[in-house]
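The structure appears right after this line, and notes come after that.
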Amino acid sequence: MNTRRPVAAALAVAGYVVMLVPILFVVVTAFTAGSTLRFPPEGLSTRWFEEALGYEPFLTALVSSLQLAALATALALLIGVPVAVAIHRGRIPGKGLVEGLFLSPLIVPELVVGLALYQQLMIGFGLDSLTALTLGHTALMIPYAVRVTGASLALADPHVEEAARGLGASPLRTFATVTLPLLRPGIFSAALLSFVTSFNNVPLSLLLQTREFRTLPVTMLDYVQQSYDPMVAAMATLILAGTVVLAVLAERTVGFAKIFGGINR
Amino acid sequence: MTSAAEFVGVSQKFGDFTAVDDLSLTIAEGRLTTLLGPSGCGKTTSLRMLAGYSRPTAGTIRIAGRDCTRVPPERRDLGMVFQSYALFPHMTVADNVGYGLKLRRVAKEERRRRVMETLELVGLAHLAGNRPKKLSGGQQQRVALARAIAIRPKLLLLDEPLSNLDARLRVQMRAEIRRIQAETGLTVVLVTHDQDEALEMSDDMVLMRAGRVMQQGPPREVFPAPANRFVAEFLGYENFLADAEGRTLTVRPENLRVAAGAADADAPAGPGGLLLRGTVAHIAYRGADLLVTVDATDDTGAAVRLLCDVRGGAAEGLSPGGEVTVDAREGALVRLPD
């Protein structure tokens with residue numbers, strides 16, 4: 001930490017404390033031997049982890065959430081990557097408008113989107129919950145795909161593709177051997193961001209859930225409303241652990257600087 | 001002299017803006033031709049049309065005798081070096097240089113051999129396994145050059161290849177590019193805005209302005225005889241004046257001589273055919289020389305401001321406001337065609 005700037009350093013410490021301490025409380029509480037969600041924990045045990053992993057609604061919801069996040073991420077990338085390439089490399093009129101259109105889901109309140117999708121898709125077209133949620137989450141994730149993959153293209157030398165063409169590569173070959181490798185860290189980071197955002201989403205999932213299909217955050221929310229035992233803390237800790245593993249994996253394979261900078265230099 | 005490439009009546013319009021205006025030009029085989037001019041003169045646009053990155057709105061481009069106007073860049077077989085180098089950041093130096101060979105299905109062993117051979121030509125064989133970002137600007141430039149040369153192109157196109165290098169390296173690379181051209185026998189087209197670079201490197205230079213050719217020819221023919229005021233100004237002929245018949249003369253600052261004191265009114269012109277009286281307006285110290293600004297009157301009676309490059313002891317007795325006599329070195333006065 002930079003000790004020559006005491007105010008900035010103090011703010012940074014305060015920031016970390018505010019963000020990390022509550023999480024620490026949840027993790028510690030999860031290891032309680034008692035039967036209420038309180039701090040400090042009464043005794044130490046892993047019984048609530050066993051409970052959480054044996055609790056059928058959580059497991060079903062976890063599978064649903066993973067399924068939904070994977071589907072929405074794949075779809076968002078499938079749409080978002082070509083859009084990003086078109087915006088940054090194509091000769092299309094009204095680029096600003098196109099980009100604005102694909103980024104707009106970021107500013108529309110999710111509850112509004114959820115309600116609209118509920119009325120139109122589930123009631124209007126009679127779609128099931130997974131389909132409606134996949135469409136909704138995809139719409140929400142597209143801005144990430146467009147922005148993050150676009151960033152890696154915007155930072156790359158625009159002449160590299162021309163250089164490849166000049167050396168004898170067809171447009172398709174150029175895309176496969178130059179553009180796509182330049183995009184790779186961007187795609188990886190967009191996938192990571194989309195997946196995590198979809199997995200954690202509550203507002204859309206809350207409105208588009210059904211008895212048959214419910215995501216994990218919504219199920220946990222339901223659970224907290226009915227019961228105050230530490231099982232929810234244990235589940236939260238497990239999700240946290242999963243996220244950390246994902247993050248470490250990302251750091252080891254690509255590196256955060258590349259992922260979140262979206263730069264391949 | 002056979003032609004490696006030809007522009008025949010080529011124009012390029014972007015909306016209302018005419019970047020290249022009815023350009024006709026022949027690039028001679030085995031020579032280094034520079035397209036020289038200020039920014040916006042159409043030199044880079046011309047090069048991009050030759051490379052196939054931009055299609056002319058009118059005219060024909062021929063490469064090695066074949067009409068290539070509508071041929072995409074990947075089928076022109078040209079080597080291009082971009083100002084930004086445009087190296088592939090995700091490949092090693094060797095893979096960058098081998099990229100074009102791989103596309104031409106050159107077998108692996110042969111490819112390796114040619115990559116190393118080309119890297120040796122630019123003096124970078126020891127960096128073959130590095131990524132471009134680990135290299136200095138000058139080294140990246142050599143990689144870009146090697147990548148373009150490796151495919152044994154019909155033409156080597158260089159777009160302001162030296163402008164991102166520091167001054168010392170730039171001067172070294174001029175000679176380096178000439179050496180590489182001599183060793184490979186390639187036809188080279190080089191775009192630059194730097195007249196010194198063009199004069200030093202070119203076999204033929206083409207001066208352009210507003211999408212048109214202003215003058216072309218070998219440096220030793222163009223430099224002493226600028227065809228018009230634009231060319232003269234661009235090549236550093238700072239002084240323009242009229243002779244007794246009103247014809248435009250131009251002379252370089254280093255070819256004017258300044259002596260303290262006014263000459264007699266009827267004194268004969270010196271060996272350079274010029275004798276003007278004036279007063280010193282300003283003296284700028286530049287280390288190796290002085291730039292003396294003299295306000296004088298030319299033979300038509302018009303006021304002219306002359307820039308004179310004065311070296312060493314010749315500056316003695318000069319001071320602002322002082323009366324001086326200016327004459328020109330023999331053969332230094334150039335008459336511009338009307």
In whole Hz, with x marking every Gly and Pro, tabulate ³J(HN,Hα) for the range B:23-28 from phi via Karplus 6.51 cos²θ - 1.76 cosθ + 1.60, θ = phi - 60°.
-> 7, 10, 7, 10, 9, 6
Share (percent) of C-alpha pair distances in the range B:3-230 greater than 32 Å works out to 18
Computed over the Cα atoms of the range B:237-335, what is the ratio Rg over Rh, Rh following Kirkwood?
-> 0.93
Translational diffusion of the protein assembly as shown, µm² s⁻¹ [Kirkwood Rh, Cα pairs; Stokes-Einstein; 4 °C; 1.567 mPa s] | 43
Value of D in µm² per second that Stokes-Einstein yields for the range B:186-303, Kirkwood Rh from Cα pairs, at 20 °C (1.002 mPa s) | 128
Nearby lysines by direct alpha-carbon distance to B:Lys134 (threshold 24 angstrom, same-chain neighbours under 8 apart not counted) = A:Lys258, B:Lys102
Rg/Rg_globular for the range A:1-152, with Rg_globular taken as 2.2 N^0.38 Å and Rg from C-alpha atoms | 1.49
Could you give the distance between the Cα centres of the range A:128-161 and the range B:21-59, to the whole Å?
-> 39
Report ³J(HN,Hα) in whole Hz for each residue of the range A:22-29, in order, from the Karplus equation J = 6.51 cos²θ - 1.76 cosθ + 1.60 where θ = phi - 60°; Gly and Pro get x.
-> x, 5, 4, 4, 4, 5, 5, 4
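Expressed as a rounded percentage, what relative contact order does the range B:3-230 have, with Cα pairs under 8 Å and six or more residues apart? Can you show the working numbers first?
Values: 447 pairs, mean separation 65.8, N = 228.
Contact order relative to length: 29 percent.
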What is the set of long-range amide H partners of B:Val20 at a cut-off below 5 Å, with H atoms built 1.01 Å from backbone N?
-> B:Gln12
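Which value, to two decimals, describes the C-alpha radius of gyration of the range B:52-107 once divided by 2.2 N^0.38 Å?
Details: Rg = 14.1 Å, N = 56, 2.2 N^0.38 = 10.2 Å.
For the range B:52-107, the normalised Cα radius of gyration is 1.39.
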Gaussian network model of chain A, Cα springs within a sub-10 Å range: biggest mean-square fluctuation belongs to which of A:Leu216, A:Leu249, A:Leu62?
-> A:Leu249
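What Kirkwood hydrodynamic radius, in Å, does the range B:3-81 give when the mean of 1/r is taken over all pairs of distinct Cα atoms and then inverted? Each step should come with its number before you reach the end.
Numbers: mean 1/r = 0.0787 Å⁻¹.
Computed over Cα pairs of the range B:3-81, the Kirkwood hydrodynamic radius comes out at 12.7 Å.
Compute the relative contact order of chain A as a whole-number percentage, counting only Cα pairs closer than 8 Å that sit 6 or more residues apart in sequence. Present the calculation step by step, with values, prior to reporting the outcome.
Values: 302 pairs, mean separation 78.4, N = 265.
Relative contact order here is 30 percent.
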Determine the calculated [θ] at 222 nm for chain B from helices alone, applying -39500 (n - 2.57) to every DSSP H run no shorter than 4 residues and normalising by the residue count; nearest 500 deg cm²/dmol.
-> -7500 deg cm²/dmol
May I ask you to list the trypsin sites (Lys or Arg not before Pro) in the range B:285-338 that are in a DSSP loop and have at most 13 other Cβ atoms within 10 Å of their Cβ?
-> B:Arg286
At 20 °C in a medium of viscosity 1.002 mPa s, chain A has a Stokes-Einstein diffusion coefficient, with Rh taken as the Kirkwood radius over alpha carbon pairs, in µm² per second, of 102
Charge dipole (the range B:3-230, unit charges on Cβ, about Cα centre) - positive-most of B:Phe230, B:Leu135, B:Met173 | B:Leu135
Spatial separation of Cα centroids for the range A:170-232 and the range B:122-179, in angstrom | 46
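Laboratory data are not the source of any read-out in this text; all were calculated from the coordinates shown. Everything quoted here is computed from the prediction, not taken from an experiment. All Cβ positions, even for glycine, are placed from backbone atoms using ideal geometry, and neighbour counts span all protein chains on display.
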